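To keep things clear, I will list the structure first and then write my remarks on it.
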Amino acid sequence: SVIGPRPMTEENFGFYDDHHQKIISSLKPGLSGIGSIIFRNEEQMLIEGESSVQFYKNIIAPYKSRLEEWYSNHSDIGTYFLLIIFTIISLIFSNSFIWNFFRDLPEPPDELKSKINYVRKL
């Protein structure tokens, strides 16, 4: 599929709780998805972090799991095509616009807000 959770290593998948593993496993993997859009600079985040494995396990994985649950609850043809468009846009521009378009996306933890360019305008 074009949109869906990105395939991950067994180790990274193990960082997700059982509930979210079931949700992610039920979705068709994709080339891009809500997690890929929001974490478009994930590799850089992990390189800069003091303990990248712990940061992924304790901060990124729990938030990504909530994003994939959001996608599971909103997966329809409209969201699918919008996420394709947002994938293209996020390659060129910051991803900060996405929370204003999908207003019901889970709010990221404070540790991530600056790293993922979180901006929500009321």
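The values are calculated or read from the model by the stated rules, or taken from the named source; none is laboratory data. Because the structure is a prediction, the values reported are computed rather than measured. With ideal geometry, Cβ positions are generated from the backbone for all residues, glycine too; neighbour counts draw on all protein chains shown. Side chains included, ligands, DNA and RNA excluded: accessible areas come from the protein's heavy atoms. Shrake-Rupley method; radii C 1.70, N 1.55, O 1.52, S 1.80 Å.
Things worth noting here:
- The single residue among P62, P29 that is open to solvent by 10 Å² or more (accessible area, probe 1.4 Å) and outside any helix (DSSP H, G or I) turns out to be P29.
- Put simply, of F97, F93, F86 the only residue that is over 19 Å from S1 (Cα atoms), open to solvent by less than 90 Å² (accessible area, probe 1.4 Å) and either aromatic (F, W, Y) or more than 14 Å from the chain's Cα centre (by Cα) (or both) is F97.
- Scanning segment 32-46 for residues that are without any contact (Cβ under 8 Å) to a residue 40 or more places away in the chain and either among the hydrophobic types (A, V, I, L, M, F, W, C) or out of contact with any helix residue (DSSP H, G or I) (no Cβ under 6 Å at 6 or more places or on another chain) (or both) yields E42, E43, Q44, L46.
- Complete set of residues in segment 20-31 that are under 14 Å from N73 (Cβ atoms) and touching a helix residue (DSSP H, G or I) at 6+ places or on another chain (Cβ under 8 Å): H20, I23, I24, S26, L27
- Only one entry of F93, F55 meets the criterion of being more than 25 Å from H19 (Cα to Cα) and aromatic (F, W, Y), and that entry is F93.
- Looking only at segment 101-122, and only at residues there that are in a loop (DSSP other than H, G, I, E, B), over 21 Å from T87 (Cβ atoms) and in contact with a helix residue (DSSP H, G or I) (Cβ under 9 Å, 6 or more places away or on another chain), the one that is most open to solvent (accessible area, probe 1.4 Å): K121
- Residues of segment 1-30 that are among the hydrophobic types (A, V, I, L, M, F, W, C) and in contact (Cβ under 8 Å) with a residue 40 or more places away in the chain: V2, I3, F15, I23, I24, L27.
- Sole residue being among the β-branched types (V, I, T) and modelled with pLDDT of 95 or more, chosen from I89, I84, I59, I98: I84
- Residues of segment 7-26 classified as in a loop (DSSP other than H, G, I, E, B) and touching an Asp or Glu at 6+ places or on another chain (Cβ under 6 Å), total: 0
- The number of residues in segment 68-100 that are in contact (Cβ under 8 Å) with a residue 40 or more places away in the chain, part of a loop (DSSP other than H, G, I, E, B) and not small (G, A, S) comes to 1.
- Residues that are in a loop (DSSP other than H, G, I, E, B) and more than 18 Å from S72 (Cβ to Cβ) were ranked within segment 32-58; the one that is least open to solvent (accessible area, probe 1.4 Å) is G49.
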